[in-house]
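The values are calculated or read from the model by the stated rules, or taken from the named source; none is laboratory data. Small disclaimer: the values here were computed from a predicted structure and weren't measured. Cβ placement follows ideal geometry from the backbone for every residue including glycine, while neighbour counts extend to all protein chains displayed.
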Amino acid sequence: MASHPGPRPADEPDEPALPVRDVAAGLDQGSRNHEELLHRRRAALRQDPAANRAAELSQQVLGWAQTLDAGERTLRDAARGALHSDSHPDDSRADRPIDRPQTRQALGRAAALLGAAEAAAVLAARSAHTLTAESGLTSTLVSALVPALVGELTAELGRPVAAAGPEVDRFRSLVVTQFPWLVHGFALETVDEAGLAQAVRRGAPLAELDADRLGPLSRGGCSPVQALPRVLGGPELGGASAEVQSLAKALLAAGDELHRRMAEVPEAPQSTPADRQLAAAYETLYAAAAALECWAGQPEPGRGDELWLRATLRGLLARLHRLLDEPAPALDAQAAEEALADRIAELAETGAPLTSFAC
C-alpha cells in the first residue's frame, strides 16, 4: 500500500507525558487467590512499583494486571458455575450448562478475548524494555484495549464489569494523531527486528528500562504490527496449521484495509468518533500481532498446542471486521471455541492460569 505523505501528526503535545489511568479503580481485591493471581500478573508484565522516571508506565501496567485479573476471575466463576449448575436434581451430566453448545461457545469466545488482552499486555510491557521508543504508543493502545476487551468478555458471559471508562476516548485520540506515522511505517514494513525478537521471547531476561527514552509518541510506528507481512511470509509460521495461517492472512488483509482508511483521516485538532473507531481497530490488530508473534517467537518445543492461538485470532478477526463495519468473516462453525471452553472448565477447577499467554 502507498505510504501517507508527510508523517506530521496534528496536536503534538508541547510537554510529552505518558497517559496514566487506573483502569481497575474500585475492583474488589479481597481474596487471597486474587492477590496471588495479581502477584503473578505483576511479575509476568514486569511491573516495577519502585520505578521512578518510569512511574507512569509502571502505574499503567499495574492497571492492566488488575483489569486482566478481574476478567479472569469472572471467566473462572462463569466456568465453575456452568460446570456445577444443573437444571434437574438428578445431577445428570447432560443437564449441565457447560454441555450446552451455546454456553460453551460463549465461554470460548470470552476466553479468546481474555487471551487477546493478555497477549497484548505482556508484549507491551516487555517491549517497553526492548522497543522503548515505541512504548508510548503501545502503552496507549493497551490502556484502551485491555479494559475494552475485559468489558466485552464479561458482557459475553452475562456478568458485565464496567472496566472501560471515558478516558478510552482520550487514549484513542492520541493514537489518531499518530496515524500518519503508523501508515508510513506499515507501508515500508519498518521493524526493529532485534527489539521485537527480544520482546516476544516470553520469560527471557530483559535489559533495564531506559526511562529517558520514554515518550507518548512513536515516530517509527509500531514494530509488531509492521512485522506482520514478514511473519506471514517467513519461517515463523511454517509449523502452524492451515487454519492459523489462513486466519493470519485474513487479519493482514483487514489490516491493509484499516491502514488505507487511516491514511484518509485528515489532520485535525480533534478526532471524530469514526477516527477513534479506527484506533480501536488498530488496537485489535496489535493484539493479533502480539498473539501471533509471541507464539511464533517461542522455540518449537515450548509452543504447545494452537488452541489458544486459533481461538484468539478468530475472536480478533471478528472484532476487527465489526470495527471496520464489514460483514463478519466466514469461519468454520466446528471451531476452537467449544474446545477452549472445555479447557477453561478444567483449568478453573484446578486454579491454574487460564490463558497460555502469561509468562
* Mind checking whether some residue in region 78-94 is at pLDDT 90 or above and buried (at least 24 other Cβ atoms within 10 Å of the Cβ)? -> yes
* To do: Out of A348, A287, report the one residue that is at pLDDT 90 or above, small (G, A, S) and under 22 Å from A78 (Cβ atoms).
  => A287
* If we keep just the residues of region 143-173 that are among the charged types (D, E, K, R), in contact with a Lys or Arg (Cβ under 7 Å, 6 or more places away or on another chain) and under 12 Å from A280 (Cβ atoms), which is surrounded by the most Cβ atoms within 10 Å (Cβ to Cβ)? -> R172
* To do: Give the residues of region 315-328 that are surrounded by fewer than 24 Cβ atoms within 10 Å (Cβ to Cβ) and out of contact with any Ser or Thr (no Cβ under 7 Å at 6 or more places or on another chain), sorted by residue number.
  => L317, A318, H321, R322, L324, D325, E326, P327, A328
* Does A281 satisfy the condition of being modelled with pLDDT of 95 or more, more than 16 Å from L149 (Cβ to Cβ), of a type in the set (A, V, I, L, M) and out of contact with any strand residue (DSSP E or B) (no Cβ under 9 Å at 6 or more places or on another chain)? -> no
* To do: Could you look through region 205-229, keep only residues that are assigned to a helix (DSSP H, G or I) and either among the polar types (S, T, N, Q) or more than 20 Å from the chain's Cα centre (by Cα) (or both), and pick out the one that is surrounded by the fewest Cβ atoms within 10 Å (Cβ to Cβ)?
  => D212
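Mind telling me which of the residues A116, A125, A133 ends up being surrounded by fewer than 24 Cβ atoms within 10 Å (Cβ to Cβ), out of contact with any strand residue (DSSP E or B) (no Cβ under 8 Å at 6 or more places or on another chain) and within 28 Å of P180 (Cβ to Cβ)? Explain how you work it out, then say what you get.
Numbers: A116 fails: surrounded by fewer than 24 Cβ atoms within 10 Å (Cβ to Cβ); A125 fails: surrounded by fewer than 24 Cβ atoms within 10 Å (Cβ to Cβ).
Just a single option satisfies the conditions, and that option is A133.
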* What number of residues within region 174-200 are surrounded by fewer than 24 Cβ atoms within 10 Å (Cβ to Cβ), over 20 Å from the mean Cα position of the chain (by Cα) and outside any loop (DSSP other than H, G, I, E, B)? -> 7
* Does R276 count as without any contact (Cβ under 8 Å) to a residue 40 or more places away in the chain, surrounded by fewer than 24 Cβ atoms within 10 Å (Cβ to Cβ) and closer than 22 Å to R170 by Cα? -> no
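Go through region 134-165 and report how many residues are under 22 Å from L292 (Cβ atoms) and not polar (S, T, N, Q).
Result for region 134-165: 12.
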* Asked: Here are some conditions: (1) closer than 15 Å to A250 by Cα; (2) in contact with a Gly (Cβ under 6 Å, 6 or more places away or on another chain); (3) at pLDDT below 90; (4) not small (G, A, S). T312 meets all but one. Which one does it not meet?
  -> (3)
* Asked: Taking the stated definitions as given, is A348 in contact with a helix residue (DSSP H, G or I) (Cβ under 8 Å, 6 or more places away or on another chain) and either buried (at least 21 other Cβ atoms within 10 Å of the Cβ) or not in a helix (DSSP H, G or I) (or both)?
  -> yes
* Search region 226-270 for residues being β-branched (V, I, T) and at pLDDT below 95, and hand back the single one that is farthest from E306 (Cα to Cα). => V231
* Residues within region 250-273 that are part of a helix (DSSP H, G or I), closer than 14 Å to P180 by Cα and either among the small types (G, A, S) or without any contact (Cβ under 8 Å) to a residue 60 or more places away in the chain (or both), tallied -> 1
